[in-house]
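Participant: One structure, pasted below without further comment.
The values are calculated or read from the model by the stated rules, or taken from the named source; none is laboratory data. Quick caveat, the model's predicted, so the values are computed rather than measured. So basically every Cβ, Gly included, is an ideal-geometry build from the backbone, and we count neighbours across all protein chains shown. Surface areas here come from the heavy atoms of the whole protein model, side chains and all, with no ligands, DNA or RNA. Shrake-Rupley method; radii C 1.70, N 1.55, O 1.52, S 1.80 Å.
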Amino acid sequence: MLARLPLKGDETVLDAGCGSGRVTEMLLERLRSGRVIAVDGSESMVSAARRRLGDRVEVRVGDLLQLQLESPVDAVLSTATFHWIADHDTLFARIRAALRDGGRLVAQCGGEGNVKRVHGAALEIGAHAPFREHLAGWRGPWNFSSAELAQQRLLAAGFSQARCWLTPAPVHPPEPREFLRTVILAPFLERLPEELRERFVDAVHGRLGEPLELDYVRLNVDAVA
Ligand SMILES: C[S@@+](CC[C@H](N)C(=O)[O-])C[C@H]1O[C@@H](n2cnc3c(N)ncnc32)[C@H](O)[C@@H]1O
């Protein structure tokens, strides 16, 4: 994904939703004399990114929906973040405003249909006792956009070009139950009381069976400001 971003090495690049700085570090390797600004909404993620990156990167806590930089950057990179943000119109407008004219946005996040089978099973099980009082009617925080809608929104936000496409990326985790518990089902478990959590994981795991294939679908974005 990083290879999709053309860089000479002297640019200023924003990592939008840097998390613990895993991808930021790889981005930094491609910028010999450039600069990286990394933004994330979570204090704990920003602390982890600062520990990883030291003073090589300016890491800021901030909501991307209120992104405002002092001067425009040459490029924006974002991985695994946009599907956590409901309002893509505002998000793309903030990112466009942070880019110089001609600057590039390269992003990847969960797209339309992402983990549909797993979420479907979890929502189905959550609609029944003993989970339903905590989960019934809840549809989760995810915004898995279609490629067409993302493209329309990028152009409406002021990008001059936008190319978006979906890529199926099935995953077979080596420890399926643990992966379900710690990654995919985490937002469900947050809503459940402690004593129901393991039971819920077992129910979803049992429903999906093994070998477990997670039906990841990536939304890719290449856009020019
Ligand atoms: C799955 S992590 C991805 C981190 C990193 N880009 C990576 O690929 O390893 C998603 C990140 O998006 C951040 N995030 C979600 N919504 C956000 C928002 N509105 N503003 C800023 N960061 C946000 C979360 O705090 C989290 O660190």
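Participant: Roughly how many nanometres apart are two label points built 7 Å out from the Cα toward the Cβ at Glu124 and Glu190?
Facilitator: 2.5
Participant: For Ala136 and Asp202, FRET efficiency with R0 = 25 Å and r from the beta-carbon atoms, rounded to 0.05?
Facilitator: Between Asp202 and Ala136 the formula returns 0.80.
Participant: Please report the net charge: other residues with Cβ closer than 11 Å to the Cβ of Arg52, K and R +1, D and E -1.
Facilitator: Neighbour charge sum, excluding Arg52 itself: +3.
Participant: Can you list the HN-Hα couplings for segment 100-107, worked out from phi with the Karplus curve (6.51, -1.76, 1.60; θ = phi - 60°), rounded to whole Hz and with x for Gly and Pro?
Facilitator: 5, 4, x, x, 10, 10, 10, 9
Participant: So how much accessible area does His134 have, in Å² to the nearest 10, using a 1.4 Å probe?
Facilitator: Rounded to the nearest 10, that gives 50 Å².
Participant: So what J values fall out for segment 134-149 if you push phi through Karplus, 6.51 cos²θ - 1.76 cosθ + 1.60 with θ = phi - 60°, rounded to Hz, Gly and Pro as x?
Facilitator: Rounded to whole hertz, the list is 9, 10, 4, x, 6, 10, x, x, 7, 10, 8, 6, 6, 5, 4, 5.
Participant: On to the next question. What relative contact order, as a whole-number percentage, does segment 1-107 give when Cα pairs under 8 Å and 6 or more residues apart are counted?
Facilitator: With pairs under 8 Å counted, the relative contact order is 29 percent.
Participant: Let me ask something additional. So what is the relative contact order for the chain, in percent, with contacts set as C-alpha pairs under 8 Å and at least six apart?
Facilitator: Answer for the chain is 21 percent.
Participant: How big is the antiparallel share of DSSP beta bridges in the chain, given as a percent to the nearest 5?
Facilitator: Just about 45 percent of them are antiparallel.
Participant: Which chymotrypsin sites (Phe, Trp or Tyr not before Pro) does segment 121-152 hold that lie in a coil by DSSP with at most 16 other beta carbons within 10 Å?
Facilitator: Filter output for segment 121-152: Trp138, Trp142.
Participant: Taking H as built 1.01 Å from N, whose amide H comes closer than 5 Å to the amide H of Arg60, not counting residues under 5 places away?
Facilitator: For Arg60, the qualifying residues are Ala38, Val39, Asp40.
Participant: OK, next. Near Arg32, within a Cβ-to-Cβ distance under 13 Å, what is the net charge of the other residues, with Lys and Arg +1 and Asp and Glu -1?
Facilitator: +1
Participant: Could you work out how much longer the chain between Arg50 and Val171 gets when fully extended? Use 0.36 nm per residue separation minus the Cα distance between them, nm to one decimal.
Facilitator: Extra length from Arg50 to Val171 when fully extended: 40.6 nm.
Participant: Let me ask something else. What does a probe at Thr90 reach in segment 23-51, counting residues whose amide N is under 16 Å from the point 7 Å along Cα→Cβ?
Facilitator: Residues passing the 16 Å test: 41-42.
Participant: Can you give the convex hull volume per residue for the Cα atoms of the chain, as a whole number of Å³?
Facilitator: Here the figure is 128 Å³ per residue.
Participant: A further question follows. Relative contact order for segment 80-202 using alpha-carbon pairs under 8 Å, separation at least 6, rounded to a whole percent?
Facilitator: This gives 30 percent for segment 80-202.
Participant: May I ask you to evaluate 6.51 cos²θ - 1.76 cosθ + 1.60, the Karplus curve with θ = phi - 60°, for each residue of segment 49-65 and list the ³J(HN,Hα) values in order in whole Hz, giving x for glycine and proline?
Facilitator: Values per residue, Gly and Pro as x: 5, 5, 5, 6, 9, x, 9, 6, 9, 8, 9, 10, 8, x, 7, 4, 6 Hz.
Participant: Would you kindly give the portion of the calculated P(r) for segment 45-108 that falls above 18 Å, as a percent of all Cα pairs?
Facilitator: Percentage above 18 Å: 42.
Participant: Roughly what angle does helix 116-126 make with the longest principal axis of the chain, taking Cα atoms, 0 to 90 degrees, to the nearest 10?
Facilitator: Around 50 degrees separate the two axes.
Participant: Cβ under 12 Å from Phe159's Cβ, Phe159 left aside: what net charge do those residues give with Lys, Arg +1 and Asp, Glu -1?
Facilitator: That sum, taken over residues with Cβ under 12 Å, equals +2.
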